[in-house]
Amino acid sequence: MKVTFKIWRQENHDSTGALRTYESEGLSEEMSFLEALDHLNETLVLKNEKVIAFDHDCREGICGQCGVFINGRAHGPHDNTTTCQLHMRSFKEGDTIVVEPFRAGAFPVVKDLVVDRSAFDRIIEQGGYITAKTGTAAEANAILVPKDISDSAMDAAACIGCGACVATCKNASAALFTSAKINHLNKLPQGKPEEHRRTLDMIFQMDLEQFGSCTFTGACEVECPAEISISNIAEMNARYFKAKLLS
Ligand code: FES
């Protein structure tokens, strides 16, 4: 399989980037997209050229490290997937594939396709945890949680923090990420004692990081690999007003 890659190359945050064209041959349809980039990098090494920097870790759709824009979409042509779970069979012989880093003011480019998503870490630092000393694991039936509540908390907890929601949003909003992280703890008894402080602090940090506002276009929900629902954002907003009233 042969394709043409147009890949964003940028030496560092302060330098100017540009798309560079690479013809890549000898690919297989069974290769993952990241393996196709590995293959391209191997040919660059043989030519004594600088390899293309891109992020990855698990390559199993779990860690959220591998986000790039492919042909104008976060994580490529399919809904609700990660770049590492995308395969070359999703493209045709002779295709031109444009690969760019996630674009958002809060995600500065580090090098080539790698962006700094530590803004997400700083939001988590403001409340993405519980401070109760839980000791050893409690007996599962000691704290009863209704099934619908535990299910929706687990759905929100599925967020892998990849940043596709931000990159695909025309406002570069982090509302889907932040709402998932707030809701999955606030819904459960263990997260209740700090729910108002958590909601206020995490939203304050989200705004401080200069993510945009949510205007409910729903684009984030389409690209989210974990299929986090935008109903989480409405729930976060309701929690925010309640927390404000009580603060
Ligand atoms: S490399 Fe971990 S989600 Fe893609």
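Brief remarks on what is shown
- Single unsatisfied condition, residue 64 versus (1) within 17 Å of residue 160 (Cβ to Cβ); (2) more than 10 Å from the ligand (Cβ to nearest atom): (2)
- Test: residue in the range 174-190 that is in the same structural domain as residue 225 (by TED's automatic domain parsing), in contact with a Cys (Cβ under 7 Å, 6 or more places away or on another chain) and farther than 18 Å from residue 80 by Cα: yes
- The listed residue being over 12 Å from the mean Cα position of the chain (by Cα) and at negative phi, out of 151, 116: 151
- The residues of the range 35-61 that are near the ligand (Cβ under 8 Å from one of its atoms) and either part of a helix (DSSP H, G or I) or without any contact (Cβ under 8 Å) to a residue 12 or more places away in the chain (or both) amount to a single one, 57.
- Within the range 209-236, tally of residues that are more than 16 Å from the ligand (Cβ to nearest atom) and touching a residue at least 24 places away in the same chain (Cβ under 8 Å): 18
- Of all residues in the range 7-34 being under 25 Å from the mean Cα position of the chain (by Cα) and either more than 23 Å from residue 104 (Cβ to Cβ) or not assigned by TED's automatic domain parsing to the domain that holds residue 87 (or both), the one that is farthest from the ligand (Cβ to nearest atom): 30
- The set of residues in the range 70-93 that are of a type in the set (Gly, Ala, Ser) and either on the phi > 0 side of the Ramachandran plot or more than 16 Å from the ligand (Cβ to nearest atom) (or both) comprises 72, 76.
- Qualifying residue in the range 192-203 (condition: touching a strand residue (DSSP E or B) at 6+ places or on another chain (Cβ under 9 Å) and within 19 Å of residue 162 (Cα to Cα)): no
- Answer residue from the range 62-80, given it is under 12 Å from the mean Cα position of the chain (by Cα) and surrounded by fewer than 16 Cβ atoms within 10 Å (Cβ to Cβ) and is farthest from residue 91 (Cα to Cα) among those: 62
The values are calculated or read from the model by the stated rules, or taken from the named source; none is laboratory data. What you see is a predicted model, and the numbers here were worked out from it, not measured in a lab. Backbone-built Cβ (ideal geometry, glycine too); neighbour counts: all protein chains shown.
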